[in-house]
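Have a look at the structure below, then the notes.
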Amino acid sequence: MSACQNFREDLELYALGVLDPEEKAEIDAHLRNGCATCEAALKDALAMNAMIMSMALDVVPPARLKRRVLAGVGVQRMSWGWLSALAAACMLVIALWLSVQERTRASELALTRHNLIQISSQRDRLLQALSFLDDPTTVPVSFGKGQPAPPHGNVFVHPRLGVLLIASNLPAAQAGKTYEMWVIPKGGAPRPAGLFQSDGGTAMHILSGPVDMATLGAVAVTLEPESGSAAPTSTPIIVAPVAGL
Ligand SMILES: [Zn+2]
């Protein structure tokens, strides 16, 4: 992992002005050396902070912090493509949700820090999903069409990026249960492909990494115990046949 990758999460906190002095000094020195990667990442972090703080009033960052961050990023420099708009909408929802969840926390600083990391990882997931949708090599396969009231949606398969699942009408798993995705090779046993939950009837799950399109038979989802299973223990709720794509 390069130094820049190490700085990545710290830059979010740096942008908020909540880093420890030694960590801050380290990043200051790195930026002074003219690292374009980190410079760009910092701008991104500042823009995100400004966006969150100007939209999600309920997050309640200290007023001086808000002023400092808003001053730090020229609003005219932010270009609002559809991607930004979508990301902003998602982040607003997440920020509001988190602010309600975490309101009772004693430390405002801890709250801000926690929220930012959550939002940052949500943003990363969203961007990862968008990279699937944006790539012409991605093969979409729909599932659940024409059945009475099943989950429906799409599986997106990409030979290098992996598998993206987006499902609607998927009820929340009951207590102690989770959804598990499976990648099923033609004529082979299902391989575990990660656990996920449904939130408000919709779910998004990503299996990252190369997929052998030639041997891939299907992608499926079952309901499993909370810790997940090594092999499916229930009838699949979702089956997306991807063979022969
Ligand atoms: Zn760097």
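The values are calculated or read from the model by the stated rules, or taken from the named source; none is laboratory data. In this text the structure is predicted, and so the values were computed from the model without any measurement. In this analysis, Cβ positions are derived from the backbone assuming ideal geometry, glycine residues included, and neighbour counts consider all displayed protein chains. Heavy atoms of the whole protein, side chains included, go into the accessibility calculation; ligands, DNA and RNA do not. Shrake-Rupley method; radii C 1.70, N 1.55, O 1.52, S 1.80 Å.
Observations on the model:
- Near pairs, Cβ below 8 angstrom, 6+ apart or cross-chain, from segment 15-40 (in contact (Cβ under 8 Å) with a residue 12 or more places away in the chain) to any residue that is within 11 Å of the ligand (Cβ to nearest atom) and open to solvent by 50 Å² or more (accessible area, probe 1.4 Å): H30/A3
- Residue count for segment 206-245, restricted to those that are open to solvent by 60 Å² or more (accessible area, probe 1.4 Å) and part of a strand (DSSP E or B): 3
- Residue pairs whose Cβ atoms lie under 8 Å apart, separated by 6 or more positions or on different chains, with the first residue in segment 222-245 and closer than 20 Å to G201 by Cβ and the second modelled with pLDDT of 95 or more and aromatic (F, W, Y), are T222/Y179; T222/W182; L223/Y179; E224/Y179; P236/W182; I237/Y179.
- Hits in segment 1-22 - residues which are more than 15 Å from the ligand (Cβ to nearest atom) and open to solvent by 60 Å² or more (accessible area, probe 1.4 Å): D20, P21, E22
- Residue match in segment 23-44 (condition: away from the ligand (no atom under 16 Å from the Cβ), hydroxyl-bearing (S, T, Y) and either modelled with pLDDT of 85 or more or part of a helix (DSSP H, G or I) (or both)): no
- For segment 155-180, taking the residues that are under 18 Å from L126 (Cα atoms), at pLDDT 90 or above and not β-branched (V, I, T), the one that is surrounded by the fewest Cβ atoms within 10 Å (Cβ to Cβ) is identified as R160.
- Number of the condition not met by V183 [criteria: (1) open to solvent by 30 Å² or more (accessible area, probe 1.4 Å); (2) at pLDDT 95 or above]: (1)
- Test for T112: is it among the β-branched types (V, I, T) and not in a loop (DSSP other than H, G, I, E, B): yes
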